[in-house]
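Reviewing the structure listed below.
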Amino acid sequence: MTLIAQIDDAACLGHGDCVHVAPNVFILEGDVAEQHAPGTDEQLRQAARACPAGAIILLEAASGIEVDP
Ligand code: SF4
């Protein structure tokens, strides 16, 4: 499965847990996370699991259907 991550800017708390677990994928821009590189499915899953705000939404690339991290 190939995953796409979407960050809910309104939900993001900006503490950087996603950056901590996947620094080559996520960065903090001000107080909101942004994805700056594609990352592997596992990196996206780890970041989504680490997010205390549930702000990282994972979608299956082919279908656009949301999947659990
Ligand atoms: S872990 Fe979640 S709340 Fe924290 S910076 Fe990343 S997306 Fe935002």
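The values are calculated or read from the model by the stated rules, or taken from the named source; none is laboratory data. It should be emphasised that the depicted structure is a prediction, and the values quoted were computed from it without experimental measurement. Counting neighbours? That spans all protein chains shown, and the Cβs are built from the backbone with ideal geometry, glycine included. Ligands, DNA and RNA are excluded from the accessible area calculation, which covers all protein heavy atoms including side chains. Shrake-Rupley method; radii C 1.70, N 1.55, O 1.52, S 1.80 Å.
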From the helices alone, meaning DSSP H stretches of at least four residues, give me the mean residue ellipticity at 222 nm for the chain, per-run term -39500 (n - 2.57), in deg cm²/dmol to the nearest 500.
-5500 deg cm²/dmol
Let me understand segment 3-67 better: what is its radius of gyration from the alpha carbons, and its Dmax, in angstrom?
10.6, 32
Cβ crowding within 10 Å averaged over residues, with 9-18, 28-37 ranked highest first
9-18, 28-37
Amide H to amide H under 5 Å from VAL67: which residues, 5+ apart in sequence or cross-chain, H placed 1.01 Å off N in plane?
LEU58, LEU59, GLU60
Taking a crude spin-label model, label points 7 Å out from Cα along the C-beta direction, the LEU13 to ALA37 distance in nm is 2.7
Residue-normalised value, i.e. accessible area per residue, for the chain at 1.4 Å probe, in Å², stands at 58
If you line up the long axis of helix 41-50 against the longest principal axis of the chain, both from Cα atoms, how many degrees apart are they, to the nearest 10?
50
Excluding ligands and nucleic acids, what accessible area in Å² is computed for GLU66 using a 1.4 Å probe, to the nearest 10?
130
Residue-wise, which Karplus ³J(HN,Hα) couplings in Hz belong to segment 3-10, taking 6.51 cos²θ - 1.76 cosθ + 1.60, θ = phi - 60°, and x for glycine or proline?
10, 10, 9, 10, 9, 7, 4, 5
Ignoring ligands, DNA and RNA, please state the percent of accessible area on segment 3-67 from carbon and sulfur, probe 1.4 Å.
51
Go ahead and run the numbers for FRET between GLU29 and ALA61, Cβ-Cβ distance against an R0 of 25 Å, rounding to 0.05.
0.60
